[in-house]
Every structure is written in C-alpha cells, then in structure tokens.
Amino acid sequence: MRFLLMLCILPGFIQVPQNVDISKIRGLYHSAPVVKQDARQFYQLMLGVDSSAAAPVLICYKGASEMIQAKYALNPIAKLDKFNKGKALLKKAISRDTLDLEMRFIRFSIQSNLPAFLGYHDELETDKRFLLDKTKDNKDPELKEIIYNYLSSLPIIKPEELKQLKN
C-alpha cells in the first residue's frame, strides 16, 4: 500500500513548478554543454516537464537537455537516441508557437553547434534572420542580452547585423 501511495505522490515532487525560475534554466542551458555536472542538473530539472501539458518553451528546453545528454553519452546508439528524442521535442514545442523568440534561439544555438553529418541545419538561416529581426523588440532584457552575446560570438554574424540588434 505504501508503494502505491508513493507512486501517486512521487510524480508531484518531480514536476517542475509553474513558477519555474527561467533564469536558472537559461543558465544551466548555457553551461551544460561544457560542464557535465550542470548538464546532469539541467537534465534532472527538465525530467519533470510534462511534454504533453507544459508550456512550449519548457518542452523546448527539455528537448535541449536531451540533446546535451547525447554529448556525454558513450554509446553511439545512445547518443543518436538522445539526439533524436531531443530533436522531436524541439520540433513539437516550436510547432505549438512558431513565433517564440526564445525557442527559435534555442533551436538556432543547437543547430549552429551540431556537426554537419547529423543533418539538422534546415532552419539555421531562417532562425538567424528571425533572431536578428525580432530580438530588439523583445521585452525580456535578460533574453535579449543572452541572444546578443551568443550572436556576437559567432563568426557567421556580420558586425552590421549585430548593430541592428542594438538599434
């Protein structure tokens, strides 16, 4: 009986709260590709996201956490499985809201870092243009700064393109 009770209660402890700290998620997303411990923490946090009911941006971050886990997996089959699972979650999330700046940024940052042989670069130019066109009008200063800093670190972004983000 206790076991059944725990099964009913436990999912409530795993769920990401509605008032989730998006700044924490953003920070973990940024550091996870280079800090394995942060990748693990990011993945654990995103496990609680219900892929069928959560906000699309959380589903998108969940997909990103899966893809980051692929980097740390040792088995090539596990790597590909994690990558494909994350890709499907990203696609699902973005299909729910194609105009969300943060989700388009997540997809762009993933696609701009993947090896070509994975063949997941279809939206790279479209997302780049979207980010350049929409970032300056966004009302979230933290997100604007994250996008600007990321784009300014890329050699594919021209200085005149960066200027349009600030104007």
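The values are calculated or read from the model by the stated rules, or taken from the named source; none is laboratory data. Worth saying up front: this structure is predicted, and the values here are computed from it rather than measured. Because the Cβ atoms are built from the backbone with ideal geometry, glycine has one as well, and the counts that use them run over all protein chains shown.
A few notes on this one:
- Just one of (1) closer than 22 Å to residue 127 by Cβ; (2) charged (D, E, K, R); (3) assigned to a loop (DSSP other than H, G, I, E, B) fails for residue 85. It is (3).
- Which numbered condition residue 113 fails, given (1) out of contact with any helix residue (DSSP H, G or I) (no Cβ under 8 Å at 6 or more places or on another chain); (2) without any contact (Cβ under 8 Å) to a residue 24 or more places away in the chain: (2)
- Residue 157 within 18 Å of residue 65 (Cα to Cα), surrounded by 10 or more Cβ atoms within 10 Å (Cβ to Cβ) and in contact (Cβ under 8 Å) with a residue 24 or more places away in the chain: no
- Residues of region 118-153 that turn out to be among the hydrophobic types (A, V, I, L, M, F, W, C) and either loosely packed, with under 15 Cβ neighbours inside 10 Å or more than 20 Å from residue 30 (Cα to Cα) (or both), as a count: 2
- First in region 123-150 and free of Cβ contacts under 8 Å to residues at least 40 places away in the same chain and among the aliphatic types (A, V, I, L, M), second anywhere and surrounded by 16 or more Cβ atoms within 10 Å (Cβ to Cβ) and not in a helix (DSSP H, G or I), Cβ under 9 Å, 6 or more apart: 124/112; 132/157
- Hits in region 119-144 (condition: part of a helix (DSSP H, G or I) and either within 17 Å of the chain's Cα centre (by Cα) or closer than 15 Å to residue 103 by Cβ (or both)): 124, 126, 127, 128, 130, 131, 134, 135, 142, 143, 144
- Residues satisfying the stated conditions in region 1-45, i.e. in a helix (DSSP H, G or I), hydrophobic (A, V, I, L, M, F, W, C) and at pLDDT 50 or above: 22, 25, 28, 39, 42, 45
- Any chance residue 93 is in contact with a Gly (Cβ under 8 Å, 6 or more places away or on another chain), within 20 Å of residue 148 (Cα to Cα), in a helix (DSSP H, G or I) and not charged (D, E, K, R): no
- Failed item in (1) of a type outside the set (A, V, I, L, M); (2) exposed (fewer than 13 other Cβ atoms within 10 Å of the Cβ); (3) free of Cβ contacts under 8 Å to residues at least 24 places away in the same chain, with residue 23 passing the rest: (3)
- Taken over region 96-113, the residue count meeting the criterion of being surrounded by 16 or more Cβ atoms within 10 Å (Cβ to Cβ) and either over 16 Å from residue 62 (Cβ atoms) or not charged (D, E, K, R) (or both) is 10.
- Matching entry among 74, 114, 80, 99 (being among the aliphatic types (A, V, I, L, M) and in a helix (DSSP H, G or I)): 80
- Matching residues in region 44-89 - criterion: being surrounded by fewer than 16 Cβ atoms within 10 Å (Cβ to Cβ), touching a residue at least 24 places away in the same chain (Cβ under 8 Å) and of a type outside the set (Phe, Trp, Tyr): 47, 50, 51, 71, 88
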